[in-house]
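The values are calculated or read from the model by the stated rules, or taken from the named source; none is laboratory data. All values reported here derive from a predicted model rather than from experimental measurement. Every residue, glycine as well, gets a Cβ built from its backbone with ideal geometry; the counts of neighbours run over all protein chains shown. Areas reflect the complete protein model, heavy atoms only, side chains present, ligands, DNA and RNA absent. Shrake-Rupley method; radii C 1.70, N 1.55, O 1.52, S 1.80 Å.
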Amino acid sequence: MAGKIACFLVLCIVAAAHSVEALTCTEVDAYLKDCVPFLTKTGLLGTCCDGVKKLEAVATTTTDRQTACTCLKAAGETIIGLDWSRVGDLPSACGVNLPYTVSADIDCSKIE
C-alpha cells in the first residue's frame, strides 16, 4: 500500500511540474503594451507600471527572466521610435528593482 501511495505522489509531482508553463513573448507583450506610448515618447507612463509589476511577479525563474529579456529585445527591433534609454529607465520609474539594465545590447543569456 505504501508503494502505491509513493507512486501516486511521484505521479502528482511530475504532473504538477509539467503543468507549469514558461513565459511567452505573447504574454510579455501583453504585460507591456501600455508602455509603448511612454517608450516611444508619444505618451505618458500611465498604466504601464501595472504591467511592469505584473511581469516582475510572474517572471520568477531564470528561464522566465531570460525569455522576458529576449522578448523585449525582439519587440524593440520592431517598435518604431523606441527610446532605449526609456526602456532602461522603466523598471526604476515603476519601482521595480532589477540587477541589470535592459538595453538593445544586453546579453539575455547572462540574466539569472
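One table, with the values for the structure above:
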{"read-out": "Convex hull volume of region 25-97 per residue (C-alpha atoms, cubic angstrom)", "value": "77 Å³"}
{"read-out": "Virtual paramagnetic centre 7 Å along Cα→Cβ of C25, amide N under 15 Å, in region 64-97", "value": "66-80"}
{"read-out": "Burial ranking of peptide ranges 88-95, 65-72 (average Cβ count within 10 Å, highest at the top)", "value": "65-72, 88-95"}
{"read-out": "Heavy-atom accessible area order for K33, K110, K73, largest first, 1.4 Å probe", "value": "K110, K33, K73"}
{"read-out": "Neighbour net charge for C94 - beta-carbon separation under 10 angstrom, K R +1, D E -1", "value": "-2"}
{"read-out": "Accessible area (Å², per residue) of region 17-85, counting only protein heavy atoms and a probe of 1.4 Å", "value": "61 Å²"}
{"read-out": "Estimated distance in nm for a label pair at K33 and A74, the labels positioned 7 Å out from Cα along Cα-to-Cβ", "value": "1.7 nm"}
{"read-out": "Under Karplus coefficients 6.51, -1.76 and 1.60, residue-wise ³J(HN,Hα) of region 22-28 in Hz, glycine/proline x", "value": "6, 5, 10, 5, 4, 5, 4"}
{"read-out": "Accessible area of L44 in the full protein assembly, 1.4 Å probe (Å², nearest 10)", "value": "150 Å²"}
{"read-out": "Share of carbon and sulfur in the accessible heavy-atom surface of region 25-97 [1.4 Å probe, %]", "value": "56 percent"}
